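Trainee: Got a structure here, written out as structure tokens. Questions coming.
The numbers here are math on the coordinates, done by the rules we state, and not lab data. Everything quoted here is computed from the prediction, not taken from an experiment. Glycine gets a Cβ as well: all are built from the backbone with ideal geometry, and neighbour counts include every protein chain shown.
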Amino acid sequence: QVQLVESGGGLVQAGGSLRLSCAASGRTFSRYTMGWFRQAPGKEREFVAAISWSGGRQYSGDSVKGRFTISRDNAKNTVYLQMNSLKPEDTGVYYCAASMSMATTAEGRYDYWGQGTQVTVSS
């Protein structure tokens, strides 16, 4: 069992930056692929980024490539999402998730989810 708690969301102007954090409970954090997903109002949840258990592989969704970076610190049981050059279309609830599958971007392969943190980008 893994419990995930996101933090770092907020209101930011377009062009600004935010760093989201996701703290995980449990001693098996380093065994999980970690991912970030987001859901805008009235839209389906979409993949943002994922990182392999070792941190050696990262994946990003097309809409955030070159602007968002995922990283993890297994000693701190924490995964991060650095978001730069934010746009109004990045607005949404951002969810952290953990998967026992190897570096997957598929939402259905994630086993544990956080409660989400709101990110709002004003124009």
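Trainee: Cross-link candidates for Lys43: which aspartates and glutamates have Cα within less than 14 Å, leaving aside residues fewer than 8 places away along the same chain?
Mentor: Within the straight-line limit of under 14 Å, Lys43 reaches these aspartates and glutamates: Glu89, Asp90.
Trainee: Could you check the simple spin-label distance between Ser101 and Asp73, using points 7 Å along Cα→Cβ, in nm with one decimal?
Mentor: Rounded to a tenth, the inter-label distance reads 3.0 nm.
Trainee: By how many nm would the segment from Gln3 to Ser52 lengthen if fully extended, with 0.36 nm per residue of separation less the alpha-carbon distance?
Mentor: Net length gain for the segment: 15.8 nm.
Trainee: Testing the spin-label approximation: label points 7 Å from Cα along Cα→Cβ at Glu89 and Ala14. State their distance in nm.
Mentor: Simple spin-label model gives 1.1 nm for this pair.
Trainee: Mind checking the dipole of the chain: about its Cα centre, +1 per Lys or Arg Cβ, -1 per Asp or Glu Cβ, Debye to the nearest 20?
Mentor: Around 300 debye, computed over the chain.
Trainee: Kindly provide the trypsin sites (Lys or Arg not before Pro) of the range 2-47 that DSSP labels as loop, not H, G, I, E or B, and whose Cβ sees at most 13 other Cβ atoms within 10 Å.
Mentor: When the trypsin sites (Lys or Arg not before Pro) of the range 2-47 are filtered for loop state and at most 13 Cβ neighbours within 10 Å, Arg27, Lys43 remain.
Trainee: Looking at the chain only, what percent of DSSP beta bridges run antiparallel? Nearest 5 please.
Mentor: Values: 36 of 40 bridges.
Within the chain, antiparallel bridges account for around 90 percent of the total.
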